[in-house]
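Okay, so here's the structure we're looking at.
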Amino acid sequence: MKLNALMDNFGARKGIKRVGRGMASGYGKTAGRGTKGQKARAGSRKQATFQGGQMPIMRRFPKFGFNNPFAKEYVTINLGDIEKFIASGKIDAKKEINIDSLFDAKIINRKLDGLKVLAKGEIKTAVNVVATKWSKAAEAAIVKAGGKIQSK
């Protein structure tokens, strides 16, 4: 057996449909497109949304809303979650808690535009948090626990 002699079994590969190659081929003259009409023409296809000349539903319904391309999106973390992760050993309370340390500990899965600390839950451990934004209640709770919060 030689590698150059290997070939598929008969019928394993179907030949391509060669259209417009004479009447004997079975796909001559109109090339399997029928006669006349939009679909018989070259380069002309109706869009998937075409509704027979009726005003399409996507154009009938009003558009509203606005997506600001410059809006900042922050990763949020609650004080209760920080306390829970310190207790479980995922975060070291002696080290600085920032977006990179949370990402490395696999607490957050993406960094986005920054970190925002919220006051849900309570914190008892003194921690040093570096964040982009935080709520006033979160800042008060961190300071009360003996920690500090600073901006990035």
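The values are calculated or read from the model by the stated rules, or taken from the named source; none is laboratory data. Worth saying up front: this structure is predicted, and the values here are computed from it rather than measured. Here the Cβ positions follow ideal geometry from the backbone for every residue, glycine too, while neighbour counts run over all protein chains shown.
Right, ARG13: touching a Ser or Thr at 6+ places or on another chain (Cβ under 8 Å), assigned to a loop (DSSP other than H, G, I, E, B) and among the charged types (D, E, K, R) or not?
Values: touching a Ser or Thr at 6+ places or on another chain (Cβ under 8 Å): no; assigned to a loop (DSSP other than H, G, I, E, B): yes; among the charged types (D, E, K, R): yes.
No, not satisfied.
Inspect segment 62-77 for any residue being farther than 30 Å from ALA141 by Cα and charged (D, E, K, R) and give the result as yes or no.
Going residue by residue through segment 62-77, those that are farther than 30 Å from ALA141 by Cα are 62-70.
Those left that are additionally charged (D, E, K, R): 63.
Among the residues of segment 62-77, at least one is farther than 30 Å from ALA141 by Cα and charged (D, E, K, R), which makes the answer yes.
If I go through segment 60-92 residue by residue, how many of them are outside any helix (DSSP H, G or I), among the hydroxyl-bearing types (Ser, Thr, Tyr) and more than 18 Å from LYS116 (Cα to Cα)?
Of segment 60-92, the ones outside any helix (DSSP H, G or I) are 61-78, 89-92.
Now narrow it down to the ones that are among the hydroxyl-bearing types (Ser, Thr, Tyr): 74, 76.
Then drop every residue that is not more than 18 Å from LYS116 (Cα to Cα), which leaves none.
Number of matching residues: 0.
Given the conditions (1) under 13 Å from ASP81 (Cβ atoms); (2) part of a strand (DSSP E or B), and given that GLU122 satisfies all but one, which numbered condition is not satisfied?
GLU122 satisfies all of (1) under 13 Å from ASP81 (Cβ atoms); (2) part of a strand (DSSP E or B) except (2).
Which pairs turn up if I take residues in segment 138-152 that are at positive phi and look for partners that are surrounded by 12 or more Cβ atoms within 10 Å (Cβ to Cβ) with beta carbon separation below 7 Å, at least 6 apart in sequence or on another chain?
Hits for this filter: GLY146/ALA126.
For ILE142, are the conditions met, namely being under 18 Å from GLY80 (Cβ atoms) and either at pLDDT below 95 or assigned to a strand (DSSP E or B) (or both)?
Against the criterion (under 18 Å from GLY80 (Cβ atoms) and either at pLDDT below 95 or assigned to a strand (DSSP E or B) (or both)), ILE142 does not qualify.
Could you please let me know if ILE149 is of a type outside the set (Phe, Trp, Tyr), buried (at least 18 other Cβ atoms within 10 Å of the Cβ) and assigned to a strand (DSSP E or B)? Write out each step before concluding.
Numbers: of a type outside the set (Phe, Trp, Tyr): yes; buried (at least 18 other Cβ atoms within 10 Å of the Cβ): yes; assigned to a strand (DSSP E or B): yes.
Against the criterion (of a type outside the set (Phe, Trp, Tyr), buried (at least 18 other Cβ atoms within 10 Å of the Cβ) and assigned to a strand (DSSP E or B)), ILE149 qualifies.
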